[in-house]
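Take a look at the structure set out below.
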Amino acid sequence: VDTAKGGWGHLNVDHIVQTDAKPRGILAGAERTLAVTGKYLLIPIKMGAPRRVVTLLAPGKTIVRNEVDLADAEPDWWAAVDVSPWRGKAITVRVDRLPDDSTALLAIETSNTRRDGRELYHEPLRGQFHFSPRRGWNNDPNGMVYFQGEYHLFFQHNPYGWAWGNMHWGHAVSRDMVRWEELDDVLWPDEFGPMFSGSAVVDWNNTSGLGEAGKPPLVLIYTAAGNPTVQCIASSTDGRHFTKYARNPVLSQVTGGNRDPKVMWHEPSKQWVMVLYVEKPAGRHTVHFFTSPNLREWTFASHVEGDPAGRRFLFECPDFFELAVDGDVARKLWVLRGANGEYALGGFDGVRFSGRADHLAGQRGRGFYAPQTFSDIPASDGRRIQIGWFQTETKGMPFNQSMTIPVELKLAATSEGPRLTYTPVRELESLRGNSTRQAFETFGPGATNPLRSMPAELVELRAEFEPAERGEVIFNIRGIPVVYRVKEQMLHVQDQIAPAPLRGGKQRLTIYCDRTGLEIFASDGFTYMPFAINLDPANLALGVEVKGAPVRDLRIDAYELRPAWPRGK
Ligand code: FRU
């Protein structure tokens, strides 16, 4: 019995026989041809079903090939594939293997509407202010960019199953980074392979030639993870319709383990810069820098070694951006970080990153990965905002995983040098509903819980206090204790511990709580602890207590939050 849970694996077969009799019960290469009369092709999905290779064919051409958790009988949900380019034509659906009593092929139909059901966005394990796709699996955020008044969030998406696979780029847009509208997937697997992670930029001066008069193109830069694994681009002038570049790939394989291009315009050297993760033999993690005048032709510039000790520093999904220390534009530093959030600081001259490849700790917590920051946020705003993959596991739901809340990154000076700080964006304040504000000159052990009268499912809690020299301050969030140990100046949450130094003798904490997790900020943002946890739906209790010694000047603001999803849909 193979109990592997991964999205892929292999079986070794060593007893192969020939027979004249067709094996009973399984049809090979079953097909159905249907006329495309609607925008979508609806495909029945059963979670945990054996993955079938489903190929869509237009006359003379393979459209796409995916491994689908195909429902042979009653489906759990429907995948909706946008087939509008083939409207009025015939599409053939071919399945590699099908039990001969399967209803899967018969059930497939075209329709002008998706079939997401009335529960959409109200499902019991749907994070209510964390983005997740309507259907299927997501991992990394991709192509985060601000374009024509909208934030775009693309993401690693499997539209055909609950687990990882068939990497597409999903797509959502928002005007505030809080309320997202999911659109149709923009990049499907093609002859170069599945669509792995990457980034997006606005090509303001149309250096790529992919724009139109007065319309700078939005350019996606992504990895096509076939054999070889190469870097490709796609573009759009309206943020809705995307076309893959006809002469892809734009960068050939460096090593098989090269992926996740993050591109930015480097104004001092007037060129595009790409940082690309490149895995070297023996699992060495490196980041390579390439430059380009036009996003289409790339030249190797330099590379940075990750940790020679083989730890995961600079492993996958690099991001690279410049920040001013304490907002002082004369003191800017480049931040180079990898998927686990650890980072290095240094200079960059358009060729080489001069930073030491020492890794500074990023977020703490559990279930956060592959963060990316938005490109092209207007200079008048000037914020550097990240979203990460929030590894919220939602068993039994027609979707799986989500994204963390948008968080502003800054660099702040400390006695040990500049460090990243993490601050939830102010746009989240628009979710606030009922609230309570409380203040205590001193708050001692045994004091009445000031939040006893405020049960809530979705919560933003802000607290400030001046602790004594010992003891604990405990915030109970729906059954999860967030414990500040005063003497050691550490936060303890479940099995994780994070330094949370006092700032001017005070501790300031912000905690967001959704159905699927907590995001905790301490020490004016120096400490960020996201936790993917499915909270007990029956426990809506909030609490504050201290142990050991009283604290001074306790101030609490607690808000019940409203769901960010559209209502009544
Ligand atoms: C990180 C990652 C990326 C890759 C993508 C594939 O989570 O492994 O390196 O591009 O996921 O889905």
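With each label modelled as a point 7 angstrom along the Cα→C-beta vector, the Arg452-Thr55 pair spans 6.9 nm.
Any chance you could run the full-extension gain for Ala412 through Ala468? It's 0.36 nm times the residue separation minus the Cα-Cα distance, nm to one decimal.
Taking Ala412 through Ala468 to full extension adds about 17.6 nm, to one decimal.
The residues neighbouring Pro217, those whose beta-carbon lies less than 11 Å from its own, together hold a net charge of -2 under the Lys/Arg +1, Asp/Glu -1 convention.
With the simple model of a label 7 Å out from the Cα in the direction of the Cβ, Arg331 to Asn294 spans 4.3 nm.
The DSSP beta bridges internal to the chain are antiparallel in roughly 95% of cases.
For Leu70, the amide hydrogen comes within under 5 Å of the amide hydrogens of Lys46, Arg52, counting only partners 5 or more places away or on other chains and with H modelled in the peptide plane. Distance between the 7 Å Cα→Cβ label points at Thr442 and Ser354: 5.4 nm.
Can you give the convex hull volume of the alpha carbon atoms of the chain per residue, in Å³? Present the calculation step by step, with values, prior to reporting the outcome.
Values: hull volume 103.0 nm³, N = 569.
Hull volume over Cα atoms, normalised by residue count, gives 181 Å³.
Carbon and sulfur together cover what percent of the accessible area of region 1-90 at a 1.4 Å probe radius?
53 percent
Across the accessible surface of region 378-422, with the other protein chains kept in place and a 1.4 Å probe, carbon and sulfur atoms take up 47 percent. Per residue, the chain exposes 43 Å² of solvent-accessible protein surface, assessed with a 1.4 angstrom probe and all protein chains in place.
Along region 197-205 the Karplus relation, 6.51 cos²θ - 1.76 cosθ + 1.60 evaluated at θ = phi - 60°, assigns HN-Hα couplings of 5, x, 9, 9, 9, 8, 8, 4, 9 Hz to successive residues, with x for each Gly and Pro.
Straightening the chain between Met490 and Ile16 buys 164.6 nm, computed as 0.36 nm per residue apart minus the Cα-Cα spacing.
Roll a 1.4 angstrom probe over the protein heavy atoms and tell me the percent of accessible area of region 446-492 that is carbon or sulfur. Before the final figure, lay out the partial values.
Details: 890 of 2030 Å².
Its accessible area is 44 percent carbon and sulfur atoms.
The values are calculated or read from the model by the stated rules, or taken from the named source; none is laboratory data. Note that the structure is a prediction, hence the values are computed from the model and not measured. Virtual Cβ from ideal backbone geometry, glycine too; neighbours counted across all protein chains shown. Only protein heavy atoms, including side chains, enter the accessible area calculation; ligands, DNA and RNA are left aside. Shrake-Rupley method; radii C 1.70, N 1.55, O 1.52, S 1.80 Å.
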